[in-house]
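The block underneath contains the structure these notes are about, expressed in structure tokens.
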């Protein structure tokens with residue numbers, strides 16, 4: 001499987017419920033790799049992951065969707081395999097990743113990948129696209145512990161919705 005297949009699977013299966021941009025899609029593909037390593041001990045895809053300024057990036061995924069800029073991606077890239085060829089075990093990992101991380105904002109995902117002890121933080125060299133290896137992931141906090149979701153922007157918005165349900169409706173009209 002390639003990283004673009006993971007990205008396309010996320011778009012096809014979750015594109016209507018998640019706001020997927022190139023930035024967030026690259027982070028979700030990265031976390032699908034982490035989840036695969038956690039649950040099966042094996043990588044989900046074989047493509048290289050690199051440490052770029054805004055976190056882990058799969059160059060194939062980035063270049064396939066760079067024309068979208070910051071816009072939402074609703075259409076899979078044409079350079080991928082047929083989604084029917086993705087084994088159900090791998091689809092479950094991708095779905096689990098979407099469920100666990102998909103509601104986070106792109107900002108939250110960048111913060112998550114930039115925390116101390118992350119594979120990105122341990123690999124990043126400004127101005128260079130250094131590879132993040134499977135061993136880098138296994139030796140990182142990304143692999144060994146979950147993120148405190150309570151400190152995310154997404155959790156803060158949900159908290160506002162629960163405490164003051166009409167507040168966000170007022171802001172929509174502002």
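The values are calculated or read from the model by the stated rules, or taken from the named source; none is laboratory data. It should be emphasised that the depicted structure is a prediction, and the values quoted were computed from it without experimental measurement. Methodologically, a virtual Cβ is constructed for each residue, glycine included, from the backbone with ideal geometry; neighbour enumeration extends over all protein chains shown.
Quick look at the values:
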| quantity | calculated |
| --- | --- |
| Subset tally (residues that are within 12 Å of residue 86 (Cβ to Cβ) and crowded, with 24+ Cβ neighbours inside 10 Å) for the range 12-38 | 1 |
| Among residues of the range 55-71, those that are loosely packed, with under 15 Cβ neighbours inside 10 Å and either touching a residue at least 40 places away in the same chain (Cβ under 8 Å) or not in a helix (DSSP H, G or I) (or both), counted | 4 |
| Qualifying residue in the range 140-157 (condition: over 19 Å from residue 14 (Cβ atoms) and at pLDDT 95 or above) | yes |
| Failed item in (1) in a helix (DSSP H, G or I); (2) in contact (Cβ under 8 Å) with a residue 40 or more places away in the chain; (3) in contact with a strand residue (DSSP E or B) (Cβ under 9 Å, 6 or more places away or on another chain), with residue 10 passing the rest | (3) |
| Extreme residue, surrounded by the most Cβ atoms within 10 Å (Cβ to Cβ), among residues of the range 92-135 that are assigned to a strand (DSSP E or B) and over 16 Å from the mean Cα position of the chain (by Cα) | 130 |
| Conditions (1) within 21 Å of residue 120 (Cβ to Cβ); (2) surrounded by 23 or more Cβ atoms within 10 Å (Cβ to Cβ); number of the one not met by residue 9 | (1) |
| In the range 118-127, residue nearest to residue 27 (Cα to Cα) [restricted to those that are in contact (Cβ under 8 Å) with a residue 60 or more places away in the chain and out of contact with any helix residue (DSSP H, G or I) (no Cβ under 7 Å at 6 or more places or on another chain)] | 124 |
